[in-house]
Amino acid sequence: MRAVETLSADILILGGGGAGTLAALHASNRPGLKVVVAVKGLLGKSGCTRMVQGGYNAVLHPDDSIERHFLDTLRGGAFINDQELVWILVNRAPQMVAELENRYGCFFDRNPDGTIHQKPFGGQTFDRTVHRGDLTGIEIMERLRTALLARDSVLVLEEHRAVGLLRDRGQGRVCGAVLLNIRRGTFTVVQARATLLATGGGPTMYRMATPSREKSLDGIVLAYQAGALLMDMEMVQFHPTALVVPGSELNGAVLEEGLRGAGAHLLNSLGERFMARYDPDRMERSTRDIVSRACYLEITAGRGTPGGGVWLDISHLGRATVEALFPGMVERTRAAGFDLATGPVEVCPAAHFIMGGVVIDESCHTTIPGLYAAGEDAAGVQGANRLGGNGVAESTVFGALAGDVMAEEVVGTPRLEPDPHEVEAHIEAATGPLRRDAGEDVYGLLDRLRELMWAKVGVVRNRSGLEAALAELAELKERAARVKTQKAAPAFNLEWQQALNLRSLVAASELVAASALYRTESRGAHYREDFPDQDDENWLCNVTAVRAEGGLRLEKRPARLSRINPLVGERRQ
Amino acid sequence: MNGRGRTVRVARTAPDGRRYYEDFRVPLGPQTTILDALLYIHRHLDRTLAFRYACRQAMCGTCGVRVNGVERLACYTLLGAVPGRVVTVEPLRHLPVIRDLVVDFGPFFRAWAAIRPAFVPADNDGAEPARIRPDDPDRRVIDRHRECISCGLCYSACDVVGTRPGFPGPAALNHALCLVLDRRDGAGPDRLKPIDGPEGCWACHGLLACSNVCPKGLDPTGAIEDLKRLVAFGRRRNGVAV
Ligand SMILES: Cc1cc2nc3c(=O)[nH]c(=O)nc-3n(C[C@H](O)[C@H](O)[C@H](O)COP(=O)(O)OP(=O)(O)OC[C@H]3O[C@@H](n4cnc5c(N)ncnc54)[C@H](O)[C@@H]3O)c2cc1C
Ligand code: SF4
Ligand code: SF4
Ligand code: FES
């Protein structure tokens with residue numbers, strides 16, 4: 001049996017991105033609480049908040065309004081967002097921008113008069129995206145990381161990944177988690193009075209995916225396994241223009257939307273500007289979902305590039321112009337051995353964000369006592385599709401909120417003992433790949449999963465494809481449970497990490513595919529070619545998912561239309 | 001892959017902690033980065049190889065290594081562009097090695113802590129972000145030094161870091177300048193104290209090793225020059241010491 005370390009804390013935060021660090025900062029504002037932050041990578045460096053390029057949506061300008069941001073977000077989300085959560089988002093985002101600046105020292109780009117500059121972003125009726133050049137995430141996460149490291153009451157455990165949630169035997173309350181110390185290959189049990197999931201989702205089970213490489217939907221799967229209610233798992237957003245770099249890890253790096261806005265053309269292998277077939281009015285300036293679908297259909301119709309993408313060409317603007325307008329993007333393509341400024345580059349839609357996740361209420365409670373969720377792990381804020389700029393707003397606003405709520409609620413909460421059998425079971429499951437002398441190869445299975453999800457549960461879906469995918473996923477799940485990895489070097493064992501990622505991704509993929517099969521209409525990011533229309537009569541609702549006796553149970557739940565009902569257009573604010 | 005390949009020599013750690021080098025043959029494509037080479041080795045040649053990365057696009061600053069003795073981000077360095085017959089990949093210097101190419105950034109961030117790197121609000125929780133024009137002279141200086149991804153490449157390249165344990169290092173001092181010039185920050189002269197003194201900015205001999213390797217094109221050497229003027233002359237006006 002492996003040595004297991006134990007720790008006890010008031011608040012355990014899983015994840016060190018925008019949601020996790022803000023939760024820790026807010027929780028530790030209350031003196032006397034011991035806060036532990038466990039991060040799969042390095043604090044503030046892993047995760048996608050770090051990678052935010054575009055920026056942060058917040059209403060700051062007097063001519064803009066909270067109601068407008070609210071409506072834009074609902075329209076983007078095709079009206080299945082939880083309206084109370086959206087209301088919190090739009091109301092608190094402006095305060096959070098001020099907090100980031102005034103308390104942690106972030107500095108966003110300014111207008112000539114010294115006020116904060118806001119730029120346009122897709123799907124918004126007002127220019128409200130706050131940014132720092134095209135590296136907004138670095139500005140935010142560097143300051144938050146530094147601020148958090150200065151807090152003495154917070155213990156940060158870097159390269160510690162959560163592998164299982166713990167419940168007490170009596171009440172079934174979540175009372176901590178089992179962590180794998182990646183650096184040493186050992187386990188740490190953290191007993192906590194409140195536990196926050198802030199692991200940032202991350203649909204990396206597709207051939208093309210944009211998120212940081214360590215993310216594998218861990219938080220959502222941990223919650224599902226512990227019995228929490230999930231919803232909207234079919235809602236996976238694809239970014240239309242990720243760089244295709246065959247054989248390289250740079251594959252899937254995002255090329256920003258501004259390129260299309262500035263006049264870039266999308267071309268297929270025949271040299272046609274194919275957007276003319278899909279959205280003749282807006283052409284390349286169409287919305288994310290339509291452009292993604294168009295690219296995907298061209299590629300699957302055999303009109304793709306050799307690397308399996310389409311061409312994005314902006315070189316007609318002239319080399320100097322492109323270099324001046326998009327220095328970061330030019331640098332990125334050059335790093336990959338291409339050159340955006342002088343010729344076409346290959347792009348392809350890539351999985352970018354999951355709108356679905358753990359169901360939360362207005363205080364970030366999940367359906368299990370003691371367990372909270374915020375950021376990309378949580379569902380409801382973004383509905384069926386996320387607007388650019390609402391992701392980092394969500395993770396910071398709800399991370400801070402969760403921190404405040406947990407700090408408030410742990411006072412007086414009893415300290416519960418984790419069930420030792422559950423501890424044992426989590427460690428047993430996690431160490432499986434190390435105990436086998438023979439077994440499946442993790443990389444082969446990861447490749448298969450990614451191709452399968454891309455082909456059958458991707459941008460365009462249909463019933464037979466989804467059914468076939470579910471059958472294949474069942475097989476992949478069995479094989480993933482038989483993976484064998486090297487054990488000669490237990491410290492920083494990357495292969496073992498991949499095996500655990502695979503396990504999580506396969507479990508999440510089943511939830512995505514099953515929910516996608518269940519929703520027999522098209523809405524937001526979810527497109528069924530056998531049900532191409534949005535059907536408000538039957539589907540103005542969320543698809544919930546919960547682990548039940550006989551396996552996964554899916555149900556319809558009416559969307560929370562507490563403030564505005566799109567069907568009657570009535571407004572009750 | 002077109003049959004072309006390169007030999008990559010990787011610094012490894014034996015189970016007893018001893019360090020050694022191992023050669024691997026890696027296929028070379030036009031887009032192969034050092035990170036891709038490491039991933040290739042890991043997948044196809046030796047599953048025990050350990051290295052660190054996250055964003056794979058020069059944003060997280062966790063994949064730093066030394067390539068033929070020069071600090072680079074593995075994810076942003078093309079294998080084909082590295083000169084020489086053999087490409088040697090080693091961990092960053094001045095930091096304990098956890099295994100193979102993975103270092104413990106602890107000392108690097110503890111060195112940051114010496115300059116009190118956290119922002120201290122001067123005006124406690126103003127409701128509005130400060131009005132600062134983009135052409136504000138202090139801000140223009142800060143802007144030149146701001147986009148640090150705390151990758152530690154400069155720390156590894158700096159010889160003074162290796163010889164003077166109290167020296168905060170180029171990245172920390174670069175960050176200190178940004179705070180000192182930020183008029184929203186309230187730590188004021190307190191912040192200059194640890195920076196002054198023989199172990200502070202005066203230990204830097206200004207030979208640009210840090211600025212040469214910064215993957216973000218920052219110039220910590222220049223920032224340290226500015227800091228020296230600030231601590232020497234105390235006052236500053238319009239972003240430069242007077
Ligand atoms: C390339 C890219 C660009 C983007 N651009 C924008 C943009 O311009 N505007 C916008 O609003 N949104 C953008 N987004 C989306 C945005 O990044 C996310 O919505 C948001 O940052 C998620 O924040 P988070 O805190 O929930 O997760 P993250 O910031 O991803 O943090 C997750 C953290 O959890 C850790 N973790 C994962 N698993 C575990 C585990 N098992 N145990 C412990 N820790 C774990 C990770 O290591 C990481 O530290 C972008 C996303 C990507 C990928
Ligand atoms: S210029 Fe100064 S800080 Fe930079 S490497 Fe040289 S001694 Fe170190
Ligand atoms: S100054 Fe440059 S090299 Fe040094 S840590 Fe920052 S980004 Fe890295
Ligand atoms: S992997 Fe993030 S900087 Fe290289």
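Counting Lys and Arg as +1 and Asp and Glu as -1, each charge on the Cβ, what is the dipole of segment B:106-241 about the Cα centre in debye, to the nearest 20? Using Cβ point charges on Lys, Arg, Asp and Glu, segment B:106-241 gives about 180 debye.
Three principal axis extents of chain B based on alpha-carbon atoms, in descending order, are 60, 36, 32 Å.
Taking each DSSP H run with n ≥ 4 as -39500 (n - 2.57) and averaging over every residue of chain A yields -11000 deg cm²/dmol at 222 nm.
Taking the Cα centre of the protein assembly as shown as origin and assigning +1 to Lys and Arg Cβ atoms and -1 to Asp and Glu Cβ atoms, the resulting dipole is close to 1860 debye.
What the phi angles of segment A:295-307 give under the Karplus curve with 6.51, -1.76 and 1.60, with θ = phi - 60°, is a coupling list of 4, 4, 5, 4, 5, 6, 7, x, 9, x, 7, x, x Hz, glycine and proline written as x. Placing unit charges on each Cβ (+1 for Lys and Arg, -1 for Asp and Glu) gives the protein assembly as shown a dipole about its Cα centre, and among A:Val35, A:Gly76, B:Leu78 the Cα reaching farthest toward its positive end belongs to B:Leu78. Applied to segment A:376-391, the Karplus parametrisation 6.51 cos²θ - 1.76 cosθ + 1.60 on θ = phi - 60° returns per-residue 3J(HN,Hα) values of 5, 5, 8, 10, x, 6, 9, x, 8, 6, 9, 7, x, x, 8, x Hz, with x for Gly and Pro. Kindly state, to the nearest 0.05, the FRET efficiency for A:Asp535 paired with B:Asn212, given R0 = 35 Å and r defined as their beta-carbon distance. About 0.05, to the nearest 0.05. Neighbour counts of other Cβ atoms within 10 Å put A:Ile11, A:Ile427 in the fewest-to-most order A:Ile427, A:Ile11.
Using alpha carbons only, the radius of gyration of segment A:45-176 set against its Kirkwood radius gives Rg/Rh = 1.06.
With the simple spin-label model, which puts each label point 7 Å out from Cα in the Cβ direction, the B:Val86 to B:Asp16 separation comes to 2.3 nm. Taking amide H atoms as placed 1.01 Å from N in the peptide plane, the amide H of A:Asp279 has no partner under 5 Å among residues 5 or more positions away or on other chains.
Residues B:Arg110, B:Arg184 in ascending order of nearby Cβ atoms (within 10 Å, fewest first): B:Arg110, B:Arg184. Sequentially through segment A:541-554, phi angles give Karplus couplings (6.51, -1.76, 1.60; θ = phi - 60°) of 7, 9, 9, 8, 9, 8, 7, 10, 2, x, x, 5, 10, 9 Hz, Gly and Pro residues having no value and appearing as x. Reported value for segment B:5-103: 93 Å³ per residue, from the convex hull of its C-alpha atoms. Once the Cβ-Cβ distance of A:Asn565 and A:Gln225 is raised to the sixth power relative to R0 = 30 Å, the FRET efficiency obtained is 0.25.
Starting from the Cα of B:Lys193, draw a straight line to each of the lysines and keep only those under 23 Å, dropping any in the same chain fewer than 8 residues away. Within reach: B:Lys228. Within a straight-line Cα-Cα reach of under 17 Å, A:Lys215 can be paired with the following lysines, leaving aside sequence neighbours fewer than 8 residues apart in one chain: A:Lys40, A:Lys45. Taking the helices alone, chain B has a mean residue ellipticity at 222 nm of -7500 deg cm²/dmol, built from -39,500 (n - 2.57) per DSSP H run of at least 4 residues and averaged over all its residues. Ordering A:Lys215, B:Lys193 from the fewest to the most neighbouring beta carbons within 10 Å gives B:Lys193, A:Lys215.
DSSP beta bridges confined to the protein assembly as shown are antiparallel in about 70 percent of cases.
Treating each Cα of chain A as one equal point scatterer and applying the Debye formula with no solvent, the log10 of I(q)/I(0) at q = 0.13 Å⁻¹ comes out as -1.43. Give the residue from A:Thr210, B:Leu38, A:Thr49 lying farthest towards the positive end of the charge dipole for the protein assembly as shown; charges sit on Cβ (+1 for Lys and Arg, -1 for Asp and Glu) and the dipole is referred to the Cα centre. Farthest towards the positive end: B:Leu38. If you plug the beta carbon distance of A:Ala481 and B:His205 into 1/(1 + (r/R0)^6) with R0 = 51 Å, you get a FRET efficiency near 0.30. Computed over segment A:420-558, the P(r) curve from all C-alpha pair distances, binned at 5 Å from the origin, holds 2, 10, 17, 17, 16, 13, 10, 8, 5, 2, 1, 0 percent per bin. Taking label points 7 Å from Cα along the Cα-to-Cβ direction, A:Ala425 and A:Leu155 give a separation of 2.6 nm. Considering all different alpha carbon pairs of segment B:106-241, the Kirkwood hydrodynamic radius works out to 15.1 Å. Net charge dipole, segment A:40-180: roughly 620 debye, given to the nearest 20, about the Cα centre with Cβ charges of +1 for Lys and Arg and -1 for Asp and Glu. Modelled label positions at A:Glu451 and A:Ala324, each set 7 Å beyond Cα in the direction of Cβ, lie 4.7 nm from each other. Considering only Cα atoms, the convex hull volume of segment A:1-122 works out to 172 Å³ per residue.
Counting Cβ atoms of other protein chains within 10 Å of each Cβ in B:109-121 and taking the mean gives 4. Note on segment A:238-350: the alpha carbon radius of gyration divided by the globular reference 2.2 N^0.38 Å gives 0.96.
Here, each number is a calculation from the coordinates, and none is a lab measurement. Everything numeric here is computed off the predicted structure, so don't read it as measured data. All Cβ positions, even for glycine, are placed from backbone atoms using ideal geometry, and neighbour counts span all protein chains on display.
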